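Participant: I have a structure I would like to understand better, so I am pasting it below and will then ask my questions one at a time.
The values are calculated or read from the model by the stated rules, or taken from the named source; none is laboratory data. Since we're looking at a predicted model, the values are computed, not measured. Note that each Cβ is placed from the backbone with ideal geometry, even for glycine, and that neighbours are counted across all protein chains shown.
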Amino acid sequence: MGGKGDWVVVSLYIDEEGRVRAPRVDSSPSPLLVRNALLASHYWQFKPPTVKGRPALVYAGLRGEFRRSAEVIFNTEAAEITG
């Protein structure tokens with residue numbers, strides 16, 4: 001685990017306060033990465049989402065990369081988000 005190229009794809013909801021709801025790992029090469037991604041998702045906080053200026057619950061898909069330094073990088077700029 002944690003080698004270069006280890007990744008997970010996570011789907012989740014972001015609530016009106018920016019908290020993660022119902023995270024799910026859609027794909028990963030390792031069961032250990034699935035567990036770690038789900039555990040980490042409980043600490044994530046996002047900017048509260050809005051749709052047409054109003055607070056909204058949104059669905060997002062993120063791809064994350066686990067690195068040897070125990071760092072996990074998620075590219076939120078490339079995330080698919082639907083409101």
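Participant: Of the conditions (1) at pLDDT 75 or above; (2) in a loop (DSSP other than H, G, I, E, B), Val10 satisfies every one except a single condition; which number is it?
Facilitator: (2)
Participant: If you scan segment 20-48, which residues turn out to be farther than 15 Å from Ala60 by Cβ, hydroxyl-bearing (Ser, Thr, Tyr) and surrounded by 15 or more Cβ atoms within 10 Å (Cβ to Cβ)?
Facilitator: Ser28, Ser30, listed by residue number.
Participant: On to the next question. I'd like the full set of residues that are touching a residue at least 24 places away in the same chain (Cβ under 8 Å), surrounded by 12 or more Cβ atoms within 10 Å (Cβ to Cβ) and of a type outside the set (Gly, Ala, Ser), limited to segment 49-69.
Facilitator: Pro49, Pro55, Leu57, Val58, Tyr59, Leu62, Arg63, Glu65, Phe66, Arg67
Participant: Right, next: Does segment 30-48 hold any residues that are over 11 Å from Leu12 (Cβ atoms), touching a residue at least 12 places away in the same chain (Cβ under 8 Å) and hydroxyl-bearing (Ser, Thr, Tyr), and which are they?
Facilitator: The answer is Ser30, and nothing else.
Participant: Quick check, is Glu17 part of a strand (DSSP E or B), in contact (Cβ under 8 Å) with a residue 24 or more places away in the chain and acidic (Asp, Glu)? It would help to see each step written out before you state the result.
Facilitator: Numbers: part of a strand (DSSP E or B): no; in contact (Cβ under 8 Å) with a residue 24 or more places away in the chain: yes; acidic (Asp, Glu): yes.
Judged against the criteria, Glu17 is not a match.
Yes or no, residue by residue, for (1) at pLDDT below 65; (2) in contact with a strand residue (DSSP E or B) (Cβ under 7 Å, 6 or more places away or on another chain):
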| position | (1), (2) |
| --- | --- |
| Leu39 | no, no |
| Val51 | no, no |
| Pro55 | no, no |
| Ala60 | no, yes |
| Gly64 | no, yes |
| Glu77 | yes, no |
